[in-house]
Every structure is written in C-alpha cells, then in structure tokens.
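Working notes for the structure below.
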Amino acid sequence: MALLDRETRITHLALIGNFLPRKCGLATYTTDTFTALKSRYPELTVDVYAMDDHPGRYAYPPAVTASIPQDDRAAYIAAARAIESSGAEAIWVQHEYGIFGGPAGEFILTLLDRTSLPVIVTLHTILEHPNADERRVMEGLLRRSARVIVMAERGREILQRVHGFGGKAVVMIPHGVPERTFADSSLFKPRFGWQGRKVVLTFGLLAPNKGIETMIEAMPAVVAAHPDALYVVLGATHPNLVAHEGEAYRDRLRAQAATLGISDHVRFVDAFVEHEELIDFLQAADIYATPYVNPAQITSGTLSYAVGVGKAVISTPYIHATEILADGHGILVDFGDSAAFAREIIALLDDDEKRHNLSARAYARGQTMVWPRLAEAAMAEIDAMIAAKPHRLAQTPHQMRPLAPDFAAVERMSDATGMLQHSIYSVPDRRHGYCIDDNARALMLTALMPGLAPEMRDKWMTIYASFIQYAWNDGARRFRNFMNFDRTWCEDTGSEDSNGRTLWALGTVVRHGDQRKHVDWACAMFDDTASLALELGSPRAQAFAMLGAAEIMAVHPGHVLARTILERFSAEHLALLAASRRPEWEWFEIVLAYDNARLPEAMIRAGQTLGQADLIETGVATLDWIMTHQTSPEGRFRAVGTESFGRSYQAPLPFDQQPLEAQATVEACAAAFGATGDQRWLDQAQRAYRWFLGANDLDVAVASVQDGGCYDGLTPTGLNRNQGAESILALQLASCAISALSKLAETVAGPNHAAA
C-alpha cells in the first residue's frame with residue numbers, strides 16, 4: 001500500500017540511534033529501520049536523531065534531522081526540545097550500551113524525561129549481570145517506555161528475571177533482514193574473484209569477541225578435505241579497538257593463519273561495506289560461520305542477514321543463534337570447538353544437496369523477518385501505545401474550589417530545628433538538611449495562615465524564627481543558607497536570593513504577626529540586618545528585599561532604610577527594563593528564570609508604598625507581559641519551565657513546571673488587583689491557582705488535597721511525586737493569598753461578583 005494504512009494512527013515519528021555513515025552494526029540497523037518505515041509508509045514523517053561519537057566527522061544524509069554529540073548532556077536537552085516541538089507523536093529509541101553519554105548511558109534518560117511523548121525502545125543488548133549504573137539506567141528506560149522490543153524470546157525472560165519487567169509491554173520482533181531472491185552462490189563469486197572456491201564467510205566489525213581464531217584453527221582440516229576452501233573475514237576493525245591498538249588484532253590473526261600454513265585460504269577484507277555490497281558478499285558464500293565467544297549475545301544482525309539471504313549457517317550457541325537456528329534451520333557447535341567447526345563445514349561441503357536444503361530452510365525462516373514485516377509489527381505497537389495514552393478530561397472552574405490553608409504537610413516536614421528541604425515522596429529526606437529559604441517561607445506562612453491554632457502558631461513561628469536568627473553571620477553581615485541535618489552550616493554566607501527572601505520574611509512578621517514578642521523580634525532583626533540589601537545585585541534578591549521593605553513601611557511609614565531599599569531598587573529595575581526592552585520583550589532581563597512574577601509584584605508594592613503611579617503602571621504592564629508567556633494554547637496557566645531559564649530573548653518552554661511559579665503569580669496578581677481594582681487580575685490569580693488543582697498542561701492535580709501536601713512539579717511525563725518544602729509552602733502560601741484576595745474582592749465588588 002502506498003499510503004498509511006487506514007487503521008494506522010501515527011503520522012510523525014522521532015527515531016533515535018546511530019546512523020550511516022557511522023560505521024557500526026547499530027548504525028546499519030537504524031538506517032535499515034528508517035528505510036523500511038519510509039518504504040512501507042511513504043507518508044510517515046520520520047525524524048532521525050543520530051548519536052554522534054565524533055561530532056563533525058560524519059557527512060550525514062538529509063534523512064538525519066539532527067545529530068546528538070554523545071557526551072554533551074546539553075545536546076540531549078536541546079534534542080528533547082526539538083522533538084517536543086516538532087509535531088512528533090512518539091519516540092523510537094535504538095538502545096545499545098556505549099552509544100549514549102553519562103554513566104551507563106544515562107544521558108538518554110535526560111532526553112526522554114524532557115518529552116511528553118510515548119516511547120518505544122528496541123534493546124540490542126540485555127545484560128544478565130548489570131552493574132549498579134547499568135541496572136539504574138536500564139530500569140529508568142523501562143519505566144519510561146510504553147513498549148519494549150526484544151529480538152529474541154530469551155530477552156523477554158531476562159527482562160522479567162533481572163528487572164522484574166514483562167507483560168504486554170514487551171514484544172518480540174526479530175531483527176529485520178533484506179528482501180533478496182534465493183540464489184546460487186556461483187552467480188556472485190566472479191565479482192569477488194572467488195570462482196572455483198568453496199567459501200566460508202564471517203562478517204562484522206573485527207574484534208576479539210567474534211571468535212575468528214576458532215575458525216582459523218579449523219581451516220587446516222577443512223583445506224585438507226577441500227583444497228579449494230576459502231575463509232573470508234569481512235569487516236573493518238572495530239573503531240574502539242583501532243583507537244586502542246590500531247590493527248594489531250588483525251595482524252595477530254594473519255600471523256595465526258601463516259603459522260598454520262593456510263594464508264592462501266584465509267582472506268581478510270578490511271572494509272565497512274555498504275548494504276547492497278554486503279548482501280552480494282553473503283550471497284557469494286557457501287557457508288556462513290559465526291564463531292562468537294559470548295553466550296549471552298542476544299542479537300546478531302550479521303546472523304539475521306545470513307539467514308535472510310538463505311545461507312547454511314554454522315554457529316556457536318549464543319542466545320540469538322539458538323533461537324533463530326532452532327528446528328533444523330542451522331547447525332550449532334560448542335564455543336571454541338575448532339574441530340567441530342571443521343567437521344560440520346566439511347560435511348556441508350561434501351554434500352551439496354544437504355547444504356542446499358539447509359540453505360532453503362534458512363531462507364524460508366528469513367522471509368518471516370524481512371524489513372517490511374518489522375516495520376508493520378513496530379507500527380502496530382506504536383499505534384497501540386498511542387491509543388493507550390490517556391485522554392485529557394476537561395474540568396470547569398467550579399469543580400476547582402480553592403483549598404483551605406492546611407498546616408499538616410508543613411508540620412510533617414518540620415522538626416525542632418526547622419523545616420527540612422526535601423522529601424522522597426512525602427517522607428522527609430534528612431540527607432539534604434535544611435535551608436533558610438524554606439524556613440523563611442515557613443515563617444511567612446505562620447504569620448499569614450488564617451485559622452492556625454494559637455499554640456501551633458506560637459510554637460512553629462518560634463522554631464522558624466530561631467533558625468533565621470541562628471543563620472545570621474554577624475562577621476560576614478550575611479545570612480547563611482544551607483544547614484546539614486546535624487545542624488552544622490554548609491557555608492559562611494548564603495545566596496543573594498536567600499538573604500533577600502529572609503528580609504522579606506522578617507517584614508511579613510512585622511506586618512502580620514499576631515504576638516508582640518514575634519513582631520518585636522522581627523523588627524529588631526530587620527533593623528540589624530537589612531542594610532545587606534543595599535549590596536545585593538540580583539534583581540530577584542532585590543525584589544524580595546523590596547517586598548519585605550514594603551511590609552515594614554506598612555507598619556512604620558517613616559522607616560528610612562526600608563524607603564531607601566524601595567526607592568533605590570525600583571529605580572534600578574526601571575533602568576533594567578529600559579536596557580532589556582524590545583518591541584516583543586517587555587521584561588527586566590533578557591532571560592526568564594524562576595519566581596518571575598516577583599519582579600512586577602515588587603514594582604507594584606513599591607509604587608503603592610511610595611505613592612508613585614509610574615511604578616504601579618510598570619509593574620502591571622510587565623505582569624501583563626509575563627502572563628501572556630504563562631498561558632497555554634488552551635488558555636490554562638502554564639508555569640515557565642525550568643528548561644527555559646537563561647535563554648536570551650527566547651519564549652519559555654513548558655517543562656519542568658514548579659509550584660513556586662504559580663504561587664508567585666497568584667500573589668503578584670493579588671497585588672495588581674489591590675492596586676487597580678481591575679477584575680481581570682482576580683481572574684488571572686484564580687487561573688494561576690487552579691494550576692495546583694489540575695487546570696494545567698497534564699490535567700493532574702499538583703496539590704495533595706488530603707494532607708495539605710504538594711508535589712514538586714510537572715514533568716513532560718507526569719508528576720514529580722516528591723513533596724519538598726518549597727512546593728508544600730508554595731501551595732499553602734498561594735491558598736492564603738487566594739483566600740485573602742477573595743475577601744478583598746468581596747469588599748470591592750460584592751460577594752456574588754467576587755465568586756464568579
């Protein structure tokens with residue numbers, strides 16, 4: 001059929017693997033796979049992403065969409081972006097150890113984890129005894145894959161036994177073979193000057209694991225029985241071996257043949273032959289031999305090709321050979337048994353009819369493995385995995401009522417020292433200790449959360465305040481940030497952002513704290529430390545300090561240092577905006593990063609505090625601009641993904657999306673509503689808040705409603721199911737903000753309008 005079958009769902013596929021002219025078996029396989037797909041399904045778009053071990057060396061054909069430098073992790077991320085935006089509907093990975101970068105090839109996971117597409121992987125090697133890295137990467141690949149192709153039934157058994165992976169997700173599709181007419185070898189021998197010779201052929205990249213020594217050792221007996229016998233070793237030396245020792249291995253084999261007195265009966269063809277020429281070589285042979293020494297070898301493309309063209313095969317009993325040659329389709333001999341190879345070769349050369357019958361049986365099996373069959377089988381599996389991809393279920397805003405603030409998950413992540421940073425799922429991970437960033441946020445939450453029992457508020461506000469107090473390094477005039485679980489500090493000074501955020505937390509307690517003891521402490525701490533803000537260079541750190549200063553001035557309008565912070569940084573941010581602005585870029589920096597909405601929020605709060613309308617206008621305009629970049633095509637809130645950070649004048653990428661961005665947006669929109677009374681900012685705040693509840697790109701709730709927890713974000717393939725402190729606090733602070741905003745809206749427009 002010229003067109004895609006009517007039942008075929010996929011129209012665009014990304015194919016990852018080695019590709020010709022790179023010289024290796026996997027490159028040949030991937031190229032043959034591409035050719036088979038395009039031949040069988042001409043209207044199918046197949047984008048090839050070629051793994052590149054020597055960037056710049058290969059002149060790839062137009063079929064290659066892009067190459068991925070093997071050891072460049074950033075290139076895998078760039079490829080993921082390209083695939084995600086290309087319109088591809090699925091990814092087909094050809095997996096082999098040694099072609100992907102990182103320990104045991106883990107960089108391929110970096111790519112796959114940054115795409116939302118279903119993945120099918122063909123495993124070219126399955127290890128019976130993987131080391132720790134190999135197991136980790138393989139199991140990561142298996143978890144990410146909707147379908148796994150093995151090329152031998154034994155592969156299915158190993159996956160189940162070694163990795164506990166099986167079921168319908170694993171399918172056996174034999175190695176593809178070319179479509180060639182069954183032909184007599186004598187028709188092809190003249191091309192290679194083999195007339196009148198009985199030819200035994202071994203093909204593949206030359207390496208010690210191919211067992212060529214065994215065959216050379218067998219040849220004296222074969223030559224004694226058939227003086228016209230010729231053993232041809234076809235293939236270039238493996239590039240890795242050449243890099244290590246040049247052609248020393250080939251020279252040793254030649255020396256072995258010379259020592260045995262059979263140099264005229266052993267011929268080395270040192271070349272990586274193209275596809276059509278390879279088939280001619282195979283068809284010119286009378287017998288194909290695979291004397292491989294590794295019993296665990298699960299795939300041999302050369303063996304498959306030999307069977308495909310109908311060669312009488314004699315092989316050692318490695319896994320692939322035992323399956324493909326079973327039931328009389330070839331002959332098996334023990335590993336390293338030169339005498340057995342000689343005996344079986346002589347028997348086939350003695351009996352033309354026996355050899356012809358064995359060849360015919362092999363050819364018949366090969367016809368079940370031709371490339372069009374592989375393409376059809378793989379496409380059926382790809383269609384099935386696409387059909388099984390969950391459909392998105394739309395939810396209306398009225399199904400997404402805001403959550404009441406809930407302290408349970410915050411308390412779960414806290415101890416007598418403070419709030420721990422990270423968790424594994426919902427269980428605190430003590431290995432990573434604490435940080436002032438999270439404890440500052442937690443302190444803010446205890447000041448802002450409505451309905452928190454007085455004894456709880458007192459207890460936890462004191463603990464988080466104590467952490468901040470202990471973090472202050474008076475000698476360095478900076479707050480420390482990271483603390484080990486044993487309460488030792490990891491540094492003398494924390495980041496600018498952590499220092500700015502701590503000042504913000506102090507200002508929040510001054511304005512919103514309900515006990516005089518905490519308010520007095522926070523006020524004194526701010527007065528003692530806030531001059532550090534005047535040395536901050538990070539725009540976000542400055543914004544955090546501005547937000548804290550605005551809180552201070554709400555209580556102490558004459559506070560000189562707080563006013564200085566607001567006036568100086570608002571002027572600097574106006575200058576940044578002027579320097580970065582382009583017609584399509586209304587932003588303070590030439591890049592997007594995290595906590596983006598804090599920059600316009602700080603301008604709005606500064607304008608309100610200082611009575612400067614121009615600052616409010618700037619804050620609203622830049623917030624408007626960032627909101628257009630935080631909106632999906634369906635109109636949902638889309639947090640700027642972490643992969644977007646640091647890309648000059650580039651539109652944001654969708655993943656990974658983190659709760660911090662939704663919280664910042666809710667609070668910035670609340671500031672805009674408070675400054676303008678414009679209903680749309682109430683709507684925008686609610687839209688950003690609903691991201692937590694499932695109105696997002698993946699239609700999954702990020703909030704863990706039952707216990708006040710929050711997952712760490714959205715990846716292309718689903719939830720990051722860990723619940724760290726930052727994420728939990730983002731949800732709870734956003735819930736506090738949306739609750740306060742709803743009450744403010746009621747006073748402005750009445751309860752019915754506010755709830756719309």
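Observations on the model:
- All conditions but one from (1) within 35 Å of the chain's Cα centre (by Cα); (2) of a type outside the set (A, V, I, L, M, F, W, C); (3) open to solvent by 40 Å² or more (accessible area, probe 1.4 Å); (4) under 25 Å from A662 (Cα atoms) apply to N596; the one that does not is (3).
- Single residue of T502, T493 found to be surrounded by fewer than 24 Cβ atoms within 10 Å (Cβ to Cβ), closer than 23 Å to Q421 by Cβ and under 44 Å from the mean Cα position of the chain (by Cα): T493
Residue-wise test of (1) open to solvent by less than 10 Å² (accessible area, probe 1.4 Å); (2) modelled with pLDDT of 95 or more; (3) closer than 25 Å to L127 by Cα.
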residue	(1), (2), (3)
Y288	yes, yes, no
T302	no, no, yes
S315	yes, yes, yes
A347	no, yes, no
M385	yes, no, no
H391	no, no, no
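Rundown of residues vs (1) in contact with a His (Cβ under 8 Å, 6 or more places away or on another chain); (2) within 22 Å of H356 (Cα to Cα), yes/no style:
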{"site": "T181", "(1), (2)": "no, yes"}
{"site": "S185", "(1), (2)": "no, yes"}
{"site": "P190", "(1), (2)": "no, yes"}
{"site": "T202", "(1), (2)": "no, yes"}
{"site": "I212", "(1), (2)": "no, no"}
{"site": "A225", "(1), (2)": "no, yes"}
{"site": "L230", "(1), (2)": "yes, yes"}
{"site": "V233", "(1), (2)": "no, no"}
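- Top-ranked residue in the stretch 575-590 [being open to solvent by less than 70 Å² (accessible area, probe 1.4 Å) and small (G, A, S); ranked as nearest to M627 (Cα to Cα)]: S580
- A27 out of contact with any Asp or Glu (no Cβ under 6 Å at 6 or more places or on another chain) and either aliphatic (A, V, I, L, M) or within 26 Å of L206 (Cα to Cα) (or both): yes
- Sole exception among (1) open to solvent by 50 Å² or more (accessible area, probe 1.4 Å); (2) modelled with pLDDT of 95 or more for G98, by number: (2)
- Of all residues in the stretch 675-684, one or more are open to solvent by less than 10 Å² (accessible area, probe 1.4 Å) and among the aliphatic types (A, V, I, L, M).
- Residue selected from the stretch 460-487 under the condition touching a strand residue (DSSP E or B) at 6+ places or on another chain (Cβ under 9 Å) and β-branched (V, I, T), by the criterion nearest to L532 (Cα to Cα): I468
- Considering the stretch 698-712, the residues that are under 12 Å from L729 (Cα atoms) and under 20 Å from the mean Cα position of the chain (by Cα) include one that is surrounded by the fewest Cβ atoms within 10 Å (Cβ to Cβ), namely D712.
- Options R343, R373, R355, R361; residue that is open to solvent by 20 Å² or more (accessible area, probe 1.4 Å) and touching a helix residue (DSSP H, G or I) at 6+ places or on another chain (Cβ under 7 Å): R355
- Considering (1) open to solvent by 40 Å² or more (accessible area, probe 1.4 Å); (2) of a type in the set (A, V, I, L, M); (3) assigned to a helix (DSSP H, G or I), the lone condition that A409 does not fulfil carries the number (1).
- Test: residue in the stretch 460-475 that is among the charged types (D, E, K, R), open to solvent by 20 Å² or more (accessible area, probe 1.4 Å) and either outside any helix (DSSP H, G or I) or at positive phi (or both): yes
- Of everything in the stretch 121-153 that is under 20 Å from the mean Cα position of the chain (by Cα) and farther than 16 Å from G166 by Cα, the residue that is surrounded by the fewest Cβ atoms within 10 Å (Cβ to Cβ) is A132.
- Exactly one residue among E323, E276 is within 38 Å of the chain's Cα centre (by Cα), among the acidic types (D, E) and closer than 23 Å to I149 by Cα, and that residue is E323.
- Inter-residue pairs, beta-carbon under 7 Å, first closer than 18 Å to Y58 by Cβ and open to solvent by 30 Å² or more (accessible area, probe 1.4 Å) and in the stretch 68-79, second of a type outside the set (S, T, Y) and assigned to a helix (DSSP H, G or I), 6+ apart: P69/A75
- The residues of the stretch 422-436 that are surrounded by fewer than 23 Cβ atoms within 10 Å (Cβ to Cβ), in a strand (DSSP E or B) and not small (G, A, S), listed by number, are H422, I424, V427, P428, D429, R430, R431, H432.
- Residues that are surrounded by fewer than 18 Cβ atoms within 10 Å (Cβ to Cβ) and small (G, A, S) were ranked within the stretch 636-669; the one that is nearest to Q723 (Cα to Cα) is G646.
- Residue list for the stretch 224-254, filter: under 38 Å from the mean Cα position of the chain (by Cα) and part of a strand (DSSP E or B): T237
- Residue within the stretch 93-102 that is farther than 23 Å from M151 by Cβ and under 20 Å from the mean Cα position of the chain (by Cα) present: yes
- When the residues of the stretch 620-635 are filtered to those that are within 25 Å of the chain's Cα centre (by Cα) and closer than 27 Å to R605 by Cβ, the one that is surrounded by the most Cβ atoms within 10 Å (Cβ to Cβ) is Q630.
- The residues on offer are P174, P208, P190, and the sole one that is at negative phi and free of Cβ contacts under 8 Å to residues at least 12 places away in the same chain is P190.
- Pairs where the first residue, in the stretch 670-689, is in a helix (DSSP H, G or I) and the second is acidic (D, E) and surrounded by 24 or more Cβ atoms within 10 Å (Cβ to Cβ), C-beta under 7 Å, 6+ apart: A671/E601
- Members of the stretch 349-374 found to be in a helix (DSSP H, G or I), within 37 Å of the chain's Cα centre (by Cα) and of a type in the set (A, V, I, L, M), listed by number: M369, L374
- Selection count, the stretch 181-223, where residues are among the acidic types (D, E) and either assigned to a loop (DSSP other than H, G, I, E, B) or crowded, with 22+ Cβ neighbours inside 10 Å (or both): 1
- Within the stretch 41-63, if we keep just the residues that are under 24 Å from T11 (Cα atoms) and surrounded by 19 or more Cβ atoms within 10 Å (Cβ to Cβ), the residue that is modelled with the lowest pLDDT turns out to be Y41.
- Residues that are assigned to a loop (DSSP other than H, G, I, E, B), of a type in the set (D, E), under 21 Å from R81 (Cα atoms) and at pLDDT below 95 are absent from the stretch 636-645.
- Whichever residue in the stretch 557-589 is in contact with a helix residue (DSSP H, G or I) (Cβ under 7 Å, 6 or more places away or on another chain) and not in a helix (DSSP H, G or I) and, among such residues, is farthest from T529 (Cα to Cα): E586
- Residues of the stretch 157-172 that are surrounded by fewer than 19 Cβ atoms within 10 Å (Cβ to Cβ) and touching a strand residue (DSSP E or B) at 6+ places or on another chain (Cβ under 7 Å): A169, V171, M172.
The values are calculated or read from the model by the stated rules, or taken from the named source; none is laboratory data. Fair warning: this is a prediction, and the values are worked out from it, not measured in the lab. Neighbour counts run over all protein chains shown; Cβ positions are idealised from the backbone, glycine included. Accessible surface is based on the protein model in full, side chains and every heavy atom, while ligands, DNA and RNA are left aside. Shrake-Rupley method; radii C 1.70, N 1.55, O 1.52, S 1.80 Å.
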